[in-house]
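The values are calculated or read from the model by the stated rules, or taken from the named source; none is laboratory data. What you see is a predicted model, and the numbers here were worked out from it, not measured in a lab. Please note: Cβ atoms are built from the backbone with ideal geometry, for glycine as well, and neighbour counts cover all protein chains shown.
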Amino acid sequence: MDEVSAKSDWFSKWFYQQVEPLNISDYWIGVIEFLVSGLIILLLSYLAYIIARRFFLFAVIRMVRRTKSKLDDFLVQRKVFHRLSHLAPVIVIYLLSDWFWGDHPEKLKIFQDVVSLYLTAVIVMSFRALLNAFEDIYNTFPFAHERPIKGYLQVIHLIAIIVAVLVAVSIIFNVEVLSILAGMGAMAAVLMLVFRDSILGLVAGIQLSANRMVRVGDWISMPSHNADGTVMEITLNTVKVRNWDKTISTIPTYAMVSNSFVNWRGMEESGGRRIARAVHIDIRSVKFCTPEMLEKFRKIHHLKDYIDQRQKEIEEYNRTHNIDESLPVNGRRMTNLGVFRKYLENYVANHPKINEKMTLIIRHLAPTEKGLPVQIYAFSGEQEWAKYESVQADIFDHILAIIPLFELRVFQNPSGDDFKELVGSFSN
């Protein structure tokens with residue numbers, strides 16, 4: 001301490017000798033000395049910063065570029081070393097302020113407080129840059145897609161900022177951090193209200209990640225928030241979804257746990273996308289097949305084997321049970337609807353864009369006032385929206401076109417043209 005005092009006394013004596021001929025009072029000499037020494041310290045600290053940027057930072061970046069690993073490149077991209085270069089002026093200010101004002105505690109206290117605040121800011125900026133680099137490195141691993149950590153890192157960012165603010169307050173007002181925390185106990189309710197979304201988002205983020213409920217890239221549907229599209233980002237407070245119309249929906253993270261949503265990831269991983277659509281048959285067009293109809297159906301590629309086998313089975317049954325076939329109601333007979341249903345089953349099963357390893361059912365649904373729904377329940381091998389719709393449309397284009405071949409009619413509510421034809425028939 002005596003050595004420091006001697007150095008600072010030397011500068012004070014030297015400065016006093018330089019300004020003594022100016023006949024300035026001791027008070028103003030002290031003020032000018034403080035300003036001049038402060039300016040010297042600031043200039044030297046800025047020089048140290050320039051040297052650190054030009055030499056230290058350049059050498060580090062050059063060394064990183066020469067390494068084979070790509071992980072350290074993220075440290076440069078996130079400017080971690082750029083932030084650390086600010087430590088050079090901090091060190092210079094700390095050493096020189098002690099050298100200049102070691103025997104002036106009030107002046108030394110001012111500069112040490114400034115240095116402490118600056119050091120706190122540098123540490124926080126460097127730490128946050130390091131967290132961002134860590135996130136980038138983590139995202140290079142394959143499992144990062146399923147378990148994003150951005151929400152957790154945002155919590156750490158928030159904690160770091162809060163700690164920095166508390167340290168800054170303790171430096172400015174010369175109080176201990178623990179005393180500040182004790183005084184904030186009464187503000188707990190206010191803090192809970194202010195950080196409500198962050199706290200709920202943190203808990204929800206843990207649940208979403210632990211249970212693998214949603215991840216970046218998933219297609220989700222959440223009608224309560226008008227969201228239907230791909231998850232772009234999962235953060236502490238929000239989940240961003242790019243909808244199919246290119247709009248972006250922002251959903252609170254905690255809403256993903258408290259409200260229901262549909263995740264289509266299972267469909268994408270299964271290798272198929274469900275087709276469940278029906279065509280309504282006019283029940284009045286359903287009838288037994290005549291020999292002429294069966295002969296015509298035999299010429300259809302997907303039905304020849306079925307017609308022969310089925311007809312043989314029916315004839316054997318009727319002969320065994322001595323069925324009187326003079327009336328259609330007796331025995332077993334094929335219907336045009338049954339043959340049509342079998343045709344659909346064979347046609348869809350042989351369609352090149354249908355996943356044959358997944359469920360395929362052609363079934364009747366309950367009849368309604370709009371006729372008898374015949375549903376095609378299958379899975380398209382194409383999952384992309386446009387291609388999937390094309391496959392589905394191709395199948396139903398074909399179905400609607402071949403229905404008259406089976407002497408069936410599609411049910412359709414009468415339109416104005418139907419009534420015109422009806423009136424015209426009466427007038428004739």
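For the reader, a short list of remarks on this structure follows.
- Sub-7 Å Cβ pairs linking a first residue in the stretch 394-407 that is farther than 16 Å from residue 283 by Cα to a second residue that is in a helix (DSSP H, G or I), at least 6 apart or interchain, are 395/348; 399/344, ordered by first then second residue.
- Restricting 298, 319, 273, 310 to those that are buried (at least 16 other Cβ atoms within 10 Å of the Cβ), free of Cβ contacts under 8 Å to residues at least 40 places away in the same chain and of a type in the set (Lys, Arg) reduces the list to 310.
- Verdict on residue 369 being out of contact with any strand residue (DSSP E or B) (no Cβ under 6 Å at 6 or more places or on another chain) and either under 19 Å from residue 405 (Cα atoms) or at pLDDT 85 or above (or both): yes
- Residues within the stretch 215-231 that are in a loop (DSSP other than H, G, I, E, B) and not basic (Lys, Arg), tallied: 4
- The set of residues in the stretch 322-334 that are crowded, with 16+ Cβ neighbours inside 10 Å and either of a type in the set (Val, Ile, Thr) or within 29 Å of residue 379 (Cα to Cα) (or both) comprises 323, 334.
- Against the conditions (1) touching a strand residue (DSSP E or B) at 6+ places or on another chain (Cβ under 6 Å); (2) part of a loop (DSSP other than H, G, I, E, B), residue 302 satisfies every one except (1).
- Scope the stretch 270-317; condition under 17 Å from residue 345 (Cα atoms) and among the aromatic types (Phe, Trp, Tyr); matching residues: 297, 306
- Residue count, the stretch 140-162 (criterion: without any contact (Cβ under 8 Å) to a residue 12 or more places away in the chain and either surrounded by 15 or more Cβ atoms within 10 Å (Cβ to Cβ) or within 16 Å of the chain's Cα centre (by Cα) (or both)): 3
- Of the residues screened, residue 346 is one that is in the same structural domain as residue 283 (by TED's automatic domain parsing), under 30 Å from residue 292 (Cβ atoms) and modelled with pLDDT of 90 or more.
- Residue 338 within 22 Å of residue 409 (Cα to Cα) and small (Gly, Ala, Ser): yes
- Test: residue in the stretch 233-247 that is of a type in the set (Val, Ile, Thr), more than 30 Å from residue 404 (Cβ to Cβ), surrounded by 15 or more Cβ atoms within 10 Å (Cβ to Cβ) and over 12 Å from the mean Cα position of the chain (by Cα): no
- Number of the exception - residue 253 against (1) of a type outside the set (Phe, Trp, Tyr); (2) surrounded by 14 or more Cβ atoms within 10 Å (Cβ to Cβ); (3) out of contact with any helix residue (DSSP H, G or I) (no Cβ under 7 Å at 6 or more places or on another chain): (3)
- Candidate set from the stretch 260-293 (those that are assigned to a helix (DSSP H, G or I) and more than 27 Å from residue 412 (Cα to Cα)); member that is modelled with the highest pLDDT: 292
- For the stretch 297-317, taking the residues that are under 30 Å from residue 368 (Cβ atoms) and not hydrophobic (A, V, I, L, M, F, W, C), the one that is nearest to the chain's Cα centre (by Cα) is identified as 302.
Conditions tested, residue by residue: (1) aliphatic (A, V, I, L, M); (2) in contact with a Leu (Cβ under 6 Å, 6 or more places away or on another chain); (3) buried (at least 18 other Cβ atoms within 10 Å of the Cβ); (4) more than 19 Å from residue 125 (Cβ to Cβ).
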site: 56; (1), (2), (3), (4): no, no, no, no
site: 61; (1), (2), (3), (4): yes, no, no, no
site: 68; (1), (2), (3), (4): no, no, no, yes
site: 80; (1), (2), (3), (4): yes, yes, yes, no
site: 84; (1), (2), (3), (4): yes, no, yes, no
site: 91; (1), (2), (3), (4): yes, no, no, no
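- Options 381, 331, 371; residue that is more than 30 Å from residue 230 (Cα to Cα), among the small types (Gly, Ala, Ser) and in contact (Cβ under 8 Å) with a residue 60 or more places away in the chain: 371
- Yes/no for residue 338 being modelled with pLDDT of 85 or more, among the small types (Gly, Ala, Ser), within 48 Å of the chain's Cα centre (by Cα) and in a helix (DSSP H, G or I): yes
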